[in-house]
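Worksheet for the structure shown next.
Nothing in this text is a laboratory measurement; each read-out follows from the coordinates by a stated rule. Note that the coordinates shown come from a computational prediction; the quantities given were computed from them, not determined experimentally. All Cβ positions, even for glycine, are placed from backbone atoms using ideal geometry, and neighbour counts span all protein chains on display.
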Amino acid sequence: MTCAGCEENVNHEVNKLTGIIKTNVSYDNGNAIIEFDRTQTDIQEIEKAITKTGYSVTDKKEIK
């Protein structure tokens, strides 16, 4: 991400999805932590939302 506006764009696009519980998109850290309900959305849909903003997902970690 190149600016705080980019952070907000990613956050906004991901939060359009049904099933998003919490997002923490960080321009400073260059990452996004997303909590979601697997019965309503999935990682692929979240990746599509992020890609729409012009960014790509380079690393995925599942936290249980």
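Quick notes on this one:
- Taking Thr39, Thr53 and counting other C-beta atoms within 10 Å, the order from fewest to most: Thr39, Thr53
- The three principal axes of the C-alpha atoms in region 4-52 carry coordinate ranges of 31, 18, 14 Å, sorted with the longest axis first.
- Dipole moment magnitude, nearest 20 debye, the chain about Cα centre, only Lys, Arg, Asp, Glu C-beta charged: 120 debye
- Where labels lie 7 Å past Cα in the beta-carbon direction, separation of Lys61 and Lys22 in nm: 1.6 nm
- The long axis of helix 4-15 is offset from the longest Cα principal axis of the chain by roughly 20 degrees.
- Among Thr53, Thr18, Ile33 the positive-end extreme of the charge dipole of the chain (Cβ point charges): Thr18
- Ordered by the number of other Cβ atoms lying within 10 Å of each residue's own Cβ, fewest first, Lys60, Lys48 fall into the sequence Lys60, Lys48.
- Karplus-derived HN-Hα couplings along region 51-58 (A = 6.51, B = -1.76, C = 1.60, θ = phi - 60°), whole Hz, x at Gly and Pro: 4, 4, 8, x, 10, 10, 8, 9
- Pairs of lysine residues in the chain that meet both criteria, 8 or more places apart or on different chains and Cα atoms under 16 Å apart, total 5.
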